[in-house]
Amino acid sequence: MNVKHPRPRILLASALAALLLSSTACSSKAGGDSKSDGADGVKSGPGVTDKTVRLGALTDLTGPYATLGKSLVQAQQMWADETNAAGGICGRKVEIVVEDHGYDVQKAVTAYADISPDVVALPQVVGSPVVAALLDDIERDQVLTFPQAWAASLLGKQSVQVLGTTYDLDMIAAVDFLTRTKGLKKGDKIGHVYFEGDYGNNALEGSTWAAERAGMKIVGQKIKATDTDLSAQVSALRAAGVKAVLISAGPAQTASLAGVAASRGLLVPIVSNAPGFAPQLMKTPAAKALVAMLSVVSSAPAVGSEIPGVQKMVAAYQKKYPGSPVDSGVLSGYNAAQLIGADLKKACEAGSLAREDVIKAHRAQRAADTGLGSPQDFSDVNRPASVKTYVLKPDAKAVGGLVGVEEAHSAPGVEEYLKSRKS
């Protein structure tokens, strides 16, 4: 994707290649703050006219998560095209406006100010630090927002919905997986390499709680997003005598961890949060070590799974975007778009597409099921939408580079942990 403007605004048309870059600031004329009835009697508001429903996305197309951002954008545009071909939502055409923040928080804050007057909801905001910086504004503006981030610190907001599990629950599932299938036992040490910030800290909360519950100890190694050589961390974990390693970082760090560990004889199981894997890793020198050592815990199934809804989505995506990798971002983006669509349709049926009524429609959903994974309950703002995780493993021949090991399940202790977190 060729983006020339430092903070491009993109109004997505039928194909992603037709990017319309705006060089001026966005005004509020498209949606404004009005909440008048449309010609069909449906109450409107920002992002809604008699002809269009406009959604927004704050994504990363030029930074460290550019590959993920592209997958998310393309998947959500595919959903919009499919929806419009079927008559749109509430008799209105769906438009998606994208702002590229390059994983720069200040750019994201500026982009939100630019885009927010003209959209009814945000089915995509990439990055925990970005969402954290925007929380107050999102709540004030009542813009239903689905982050591509899963920190528990994002719970508790009416306007913000973490889809699936949170990082801590995934790491509880990871410790459970290690004790059930990899022979770890009371007294063992587990390494945990994690990014500084909400992502890593929340993941560490889960692993520490689960390890203590199982009589084991976590040996933590905090890293920065710019750290791509984990030789020092591997040496420290080997010296500590860990029996397994958890990693809550990005794909580059997962590849370095596995490659260095294998080369230095630290041949132990590695379990990653979902953001720590990308199918492109299967074409790197670390691929052999990843296949031998890595498992991935995720609230979403593998894109190569046999779930009918997932297979249908993959086939449609490959047809629309031939040559583009089908990764977890495709599944995550398409799932989020479908859920936003369901909320808008429900709000329309109740007679209002005003922001607060879209949120009301969303929070009334207790078993939202897109056919792309586990049903989700959005009724409790303080609780993850799901507590079930899949376990996946790398496979170079599989679509998306992962195959399923265990179906979605709730790890022992999860409910106990959630109760302890409230107290």
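Please treat every number below as a calculation from the coordinates, not as lab data. Quantities reported herein were computed from a predicted structural model and do not represent experimental measurements. FYI the Cβ positions are ideal-geometry reconstructions off the backbone, even for glycines, and counts take in every protein chain you see.
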Within the chain, percent of DSSP bridges classed antiparallel, to nearest 5: 35
J(HN,Hα) series, the range 136-142, from Karplus relation 6.51 cos²θ - 1.76 cosθ + 1.60, nearest Hz, glycine and proline x: 4, 5, 4, 5, 4, 7, 6
Entries in Lys189/Lys422; Lys189/Lys283; Lys283/Lys320; Lys157/Lys422 that, when Cα-Cα distance is taken, lie over 22 Å: Lys189/Lys422; Lys189/Lys283; Lys283/Lys320
Structure-derived P(r) over Cα pairs in 20 Å bins from 0, in percent: which label, when the choices are (i) 24, 51, 23, 2; (ii) 28, 57, 15, 0; (iii) 24, 58, 18, 1: (ii)
Environment charge of Asp369, counting only residues whose C-beta is closer than 15 Å and scoring Lys/Arg +1, Asp/Glu -1: +3
Normalised contact order of the range 256-413, rounded percent, pairs of Cα under 8 Å and 6 or more residues apart: 28
Residue-by-residue Karplus 3J(HN,Hα) for the range 330-335, coefficients 6.51, -1.76, 1.60, Hz, glycine and proline x: 5, 5, 5, x, 5, 4
Angle in degrees between helix 167-181 and the longest Cα principal axis of the chain, rounded to the nearest 10: 40
Cα shape, the range 321-423, gyration tensor, a/c 1.5 rule: oblate
Charge dipole magnitude, Cβ of K and R +1, D and E -1 - the chain, Cα centre, debye nearest 20: 920
Difference of contour (0.36 nm per residue) and Cα-Cα distance, Gln280 to Glu407: 43.3 nm
CD proxy at 222 nm, helix term only [per DSSP H run n ≥ 4: -39500 (n - 2.57); per residue of the chain; nearest 500]: -12000 deg cm²/dmol
Cα long-axis angle, helix 308-320 against the chain (0 to 90 degrees, to the nearest 10): 70
Qualifying aspartates and glutamates (Cα of each under 14 Å from Cα of Lys393; at least 8 residues distant if same chain): Asp327, Glu406, Glu407
Neighbour cut-off at most 14 other Cβ (10 Å), DSSP loop, trypsin sites (Lys or Arg not before Pro), the range 326-371: Arg366
With Cα atoms, 0 to 90° folded angle of helix 198-213 axis to the chain main axis: 50
Lys/Arg +1, Asp/Glu -1 at C-beta; the range 211-260 dipole; positive extreme among Ala258, Val234, Gly215: Gly215
Qualifying trypsin sites (Lys or Arg not before Pro) in the range 261-305, DSSP loop, other Cβ atoms within 10 Å at most 15: Arg264
Loop sites in the range 282-364: GluC sites (Glu not before Pro), DSSP, at most 16 other Cβ within 10 Å: Glu306
